[in-house]
């Protein structure tokens, strides 16, 4: 146990913890997106509601939720500690240092994008997770989605947060591969392709949901209004 604590207290220990928890959360995003794509089935939300009911009532899934919670906490704490150490590692600034010429924008703003994504996560849980777990009677998951995604301000914030998540994942995935010693010239093309799935395709998939529901219901309401004239 002492060795494990000593390892985590080291700089590389925190980076490895942040990398492993980050990759674990990436796999969760894939599963979460696949389930949410049931919103597009076109059966009035029956498939999505059935999926949500299964996830909420399955003991294994409920147990994994606690693993996810610890994964998020481990990633957040480790990320903050690494960021703080990097900030305090130099007692004086370099006389000449052009940050924009030495690191990409998504790398320089990882802490900022991560903080905003965390705020988004809290709002997301308040909008969907908490009502489904604690409201009585339990609302329809599909109804919650429609209710949230027909709000223009919520949709705008949702898409904005996903853009920041894409930036965060773009740097985070590459950094994790580097920390774990998996990034080299031989596999760079494969790693970049896999990374694009996480930082590009997954955020686009999630962003398609608020965009679809907002404009679909806006156009439907407009058509109904025209039909009533």
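In the set (1) under 22 Å from residue 212 (Cβ atoms); (2) in contact with a helix residue (DSSP H, G or I) (Cβ under 9 Å, 6 or more places away or on another chain); (3) modelled with pLDDT under 95; (4) in a helix (DSSP H, G or I), residue 153 fails one condition alone, (2). Residue-level check: of (1) more than 15 Å from the chain's Cα centre (by Cα); (2) farther than 24 Å from residue 179 by Cβ; (3) buried (at least 17 other Cβ atoms within 10 Å of the Cβ), residue 15 misses just (2).
Could you list, in sequence order, all residues of the stretch 194-205 that are within 23 Å of residue 48 (Cα to Cα) and surrounded by fewer than 20 Cβ atoms within 10 Å (Cβ to Cβ)? Within the stretch 194-205, 201, 204, 205 qualify.
Please tell me if residue 45 is under 30 Å from residue 216 (Cα atoms) and either surrounded by 12 or more Cβ atoms within 10 Å (Cβ to Cβ) or in contact with a helix residue (DSSP H, G or I) (Cβ under 9 Å, 6 or more places away or on another chain) (or both). Break it down into steps so the answer makes sense when it comes.
On the way: under 30 Å from residue 216 (Cα atoms): yes; either surrounded by 12 or more Cβ atoms within 10 Å (Cβ to Cβ) or in contact with a helix residue (DSSP H, G or I) (Cβ under 9 Å, 6 or more places away or on another chain) (or both): yes.
Taking the combined requirement at face value, the residue satisfies it.
Restricting 107, 140 to those that are surrounded by 11 or more Cβ atoms within 10 Å (Cβ to Cβ), modelled with pLDDT under 90 and in contact with a helix residue (DSSP H, G or I) (Cβ under 8 Å, 6 or more places away or on another chain) reduces the list to 107. Would you check if residue 7 is without any contact (Cβ under 8 Å) to a residue 40 or more places away in the chain, surrounded by fewer than 16 Cβ atoms within 10 Å (Cβ to Cβ) and closer than 19 Å to residue 142 by Cβ? For residue 7, the condition - without any contact (Cβ under 8 Å) to a residue 40 or more places away in the chain, surrounded by fewer than 16 Cβ atoms within 10 Å (Cβ to Cβ) and closer than 19 Å to residue 142 by Cβ - is not met.
Would you mind stating whether residue 117 is part of a helix (DSSP H, G or I), in contact with a helix residue (DSSP H, G or I) (Cβ under 7 Å, 6 or more places away or on another chain), at pLDDT 90 or above and within 20 Å of residue 29 (Cβ to Cβ)? Quick ask: steps written out before the conclusion?
Values: part of a helix (DSSP H, G or I): yes; in contact with a helix residue (DSSP H, G or I) (Cβ under 7 Å, 6 or more places away or on another chain): yes; at pLDDT 90 or above: yes; within 20 Å of residue 29 (Cβ to Cβ): yes.
For residue 117, the condition - part of a helix (DSSP H, G or I), in contact with a helix residue (DSSP H, G or I) (Cβ under 7 Å, 6 or more places away or on another chain), at pLDDT 90 or above and within 20 Å of residue 29 (Cβ to Cβ) - is met.
The values are calculated or read from the model by the stated rules, or taken from the named source; none is laboratory data. This structure is a prediction, so every number in the text was calculated from the model and none was measured. Every residue, glycine as well, gets a Cβ built from its backbone with ideal geometry; the counts of neighbours run over all protein chains shown.
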